[in-house]
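Everything on this sheet refers to the single structure shown next.
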Amino acid sequence: MPDSSGPDFGNGAENKKLPYTPDVKAKTDHLYPKVAKFIPEIEWQLHAPYIAAINNLKKEKNAVILAHNYMTPEIFHCVGDFAGDSLQLAKEAERSDADIIVQAGVHFMAETSKILCPEKTVLIPDLRAGCSLASSITGADVRLLKERYPGVPVVTYVNTTADVKAETDICCTSSNAVEIVEHAAKEFGTDTVIMIPDQFLARNVAAMTDIKIVTWAGACEVHERFTAEDIRELREGTPGVIVLAHPECPPEVLAEADFAGSTSGMSNYVKDNQPKNVVLITECSMSDNVALENPKVDFVRPCNLCPHMKRISLPKILRALQTMEHEVLIDADIIEKARRPIERMIALPLKRQSMYNQERPAEVIAVESRGQ
Ligand code: 13P
Ligand code: SF4
């Protein structure tokens, strides 16, 4: 029987629990105040040996850890070198002069790093860290869509595989989707854009633009579960609460929210506005991370866990650095084709984050799916 006290690496391997020694204490005491609000001291003593070992190995191997906003606080605040939303992490990967990138996020994010930095070793601590959006569509699906809508530009959400990006004209994230859709239509001289694979993000973008949108029947398994009723109940429970939602939520949820934006858009909103009470309609760890940086704001905490993001843990990050597993490898010709749409997105000067405030009905002209 596996020793249940040891950490799960997600690949059948086991590891002995690392001890909390005076040396570990000396190396990590300065980090504890960053997370003390959410991590009791007894639990910290389990995390600290991994934090010390990871931070040590990072230096030894010239590695960086890119941590998405949905990582748990001990990863986000104590071993992450750069933290942010998908766009910010892609930009950091491109800028970094490290030899090794450990992606504390999901597989498509690690692929994006590899595409932008093919000469670097990119590691994902658990290969099972996927995404329901990325698995909803393939490169072959996109080729069929392009046959069905010839001449219509393809805007692809970064939450997709390298094969899908390789069939794409320009990528987008939730922080720039509205501007990218408008840019693509202008550049290709069309009034229609194919925007895949998130039907809810596409609808939320459609509410902000005159461009006609064809989308795909994909959805984020975390955000699609929120309902307008959830928000109304929250407002009843905490009068005056400010509701921030991610644009992967259905349009009727955004219609009930005070603001919608990418994970960093929500984080910036809290920083800039310091609301008395706030609720983030998104993945659970996001509230913990933002709350630690905004001690005066009270967070109401209904949230949904992303099972893929939660596969990444300190023991798995340590193991990745020790064993160089799991290395993300992509065929050179796919890297070549997939890099162009990501670089086009990064190169586009954007004045501000995309806003989603339901100016028009959130209607797309078609929702395509496999086998239609
Ligand atoms: P962001 O680009 O807003 O960080 O979103 C990534 C993601 O996976 C949200 O579910
Ligand atoms: Fe994918 Fe949703 Fe998880 Fe983000 S939260 S990684 S979109 S499943």
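Couple of notes before you dig in:
- The single condition among (1) over 23 Å from residue 359 (Cα atoms); (2) within 16 Å of ligand 1 (Cβ to nearest atom) that residue 200 does not satisfy is (1).
- The range 271-296: number of residues that are within 13 Å of ligand 2 (Cβ to nearest atom) and either within 14 Å of the chain's Cα centre (by Cα) or of a type in the set (Val, Ile, Thr) (or both): 6
- Test: residue in the range 344-353 that is over 23 Å from residue 79 (Cβ atoms), at pLDDT below 95, touching a His at 6+ places or on another chain (Cβ under 7 Å) and surrounded by fewer than 21 Cβ atoms within 10 Å (Cβ to Cβ): yes
- For the range 220-241, filtered to residues that are buried (at least 21 other Cβ atoms within 10 Å of the Cβ) and either within 13 Å of ligand 1 (Cβ to nearest atom) or outside any helix (DSSP H, G or I) (or both), the residue that is farthest from the chain's Cα centre (by Cα) is 226.
- Residue list for the range 43-78, filter: in contact (Cβ under 8 Å) with a residue 40 or more places away in the chain and within 19 Å of residue 91 (Cα to Cα): 63, 65, 66, 68, 69, 70, 71, 76
- Selected residue (only one of 359, 325, 368, 363 is under 30 Å from residue 260 (Cα atoms) and crowded, with 16+ Cβ neighbours inside 10 Å): 368
- Matching residues in the range 242-263 - criterion: being of a type outside the set (D, E, K, R), closer than 17 Å to residue 203 by Cβ and assigned to a helix (DSSP H, G or I): 251, 253, 254, 255
- Total residues in the range 130-144 satisfying the condition of being outside any helix (DSSP H, G or I) and away from ligand 2 (no atom under 12 Å from the Cβ): the figure is 2.
- Matching residues in the range 331-372 - criterion: being assigned to a helix (DSSP H, G or I) and under 20 Å from residue 201 (Cβ atoms): 338, 341, 342, 344, 345, 346
- Breaking point among (1) under 20 Å from residue 362 (Cβ atoms); (2) more than 16 Å from ligand 2 (Cβ to nearest atom), for residue 198: (2)
- The set of residues from the range 1-33 being at pLDDT below 95 and surrounded by fewer than 16 Cβ atoms within 10 Å (Cβ to Cβ) comprises 1, 2, 3, 4, 5, 6, 11, 12, 13, 14, 16, 17.
- Unmet criterion (only one of (1) within 16 Å of ligand 1 (Cβ to nearest atom); (2) under 28 Å from residue 168 (Cβ atoms); (3) in a helix (DSSP H, G or I)) for residue 290: (2)
- Restricted to the range 301-319, and to residues there that are within 12 Å of ligand 1 (Cβ to nearest atom) and under 21 Å from residue 101 (Cβ atoms), the residue that is nearest to the chain's Cα centre (by Cα) is 309.
- Criterion violated by residue 268 - all others in (1) over 18 Å from the mean Cα position of the chain (by Cα); (2) part of a helix (DSSP H, G or I); (3) away from ligand 2 (no atom under 16 Å from the Cβ) satisfied: (1)
- Qualifying residue in the range 116-129 (condition: in a helix (DSSP H, G or I), surrounded by fewer than 19 Cβ atoms within 10 Å (Cβ to Cβ) and of a type in the set (S, T, N, Q)): no
- Scanning the range 185-198 for residues that are crowded, with 24+ Cβ neighbours inside 10 Å and either at pLDDT below 95 or not acidic (Asp, Glu) (or both) yields a count of 5.
The values are calculated or read from the model by the stated rules, or taken from the named source; none is laboratory data. This is a predicted model, so every value here is computed, not measured. Here the Cβ is made from the backbone with ideal geometry for all residues, glycine too, and neighbour counts use every protein chain on show.
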